[in-house]
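Chemist: Take a look at this one; I'll ask things after.
The values are calculated or read from the model by the stated rules, or taken from the named source; none is laboratory data. What you see is a predicted model; the values in this text were computed from it and never measured. Neighbour counts run over all protein chains shown; Cβ positions are idealised from the backbone, glycine included.
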């Protein structure tokens, strides 16, 4: 099994791919089967990966003449060189795509529409939009559940 560090060419999203062999990877690229899990781009590049060497059975570590046991070596895995949170980035962006697909954007009318839905004046549906911090607090005080998204996440939705 080969674990490769991959990246889409357009947005440079990093992700991991598992393949039976190097030939399997090349075959899937040639057939257009690989795509970025974040943006769906088909132009996928293979990044350099740190090798993992299986050197057989674990041997007893040597003890120095003074009786000191040296520290165990760090494991050689590609995870050590992956960007922090790379897997979480993919999960977050997939969740955001799902949120966009299952909600209606009501824009600046979010607070008004949330109230209408809450009080039965409009059909129940999942909405998203923009509200000031004050409006969001007022909604919460009225018992209307809202979930603010950070500005960086909002930019990803567009």
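Chemist: So which residues in the range 23-49 are touching a strand residue (DSSP E or B) at 6+ places or on another chain (Cβ under 6 Å) and at pLDDT 85 or above, if there are any at all?
Modeler: 25, 34, 36, 41, 44, 45, 46, 47
Chemist: Out of 113, 142, 123, I need the residue that is at pLDDT 90 or above and touching a strand residue (DSSP E or B) at 6+ places or on another chain (Cβ under 8 Å). Which one?
Modeler: 113
Chemist: For the subset of the range 1-15 comprising residues that are in contact with a helix residue (DSSP H, G or I) (Cβ under 9 Å, 6 or more places away or on another chain) and farther than 15 Å from residue 35 by Cβ, which member is surrounded by the most Cβ atoms within 10 Å (Cβ to Cβ)?
Modeler: Ranking the qualifying residues of the range 1-15, first place goes to 5.
Chemist: Determine whether residue 90 is assigned to a loop (DSSP other than H, G, I, E, B) and at pLDDT below 85.
Modeler: No, not satisfied.
Chemist: Considering only the range 97-113, state which residues are in a helix (DSSP H, G or I) and more than 29 Å from the chain's Cα centre (by Cα).
Modeler: Within the range 97-113, 111, 112, 113 meet the criteria.
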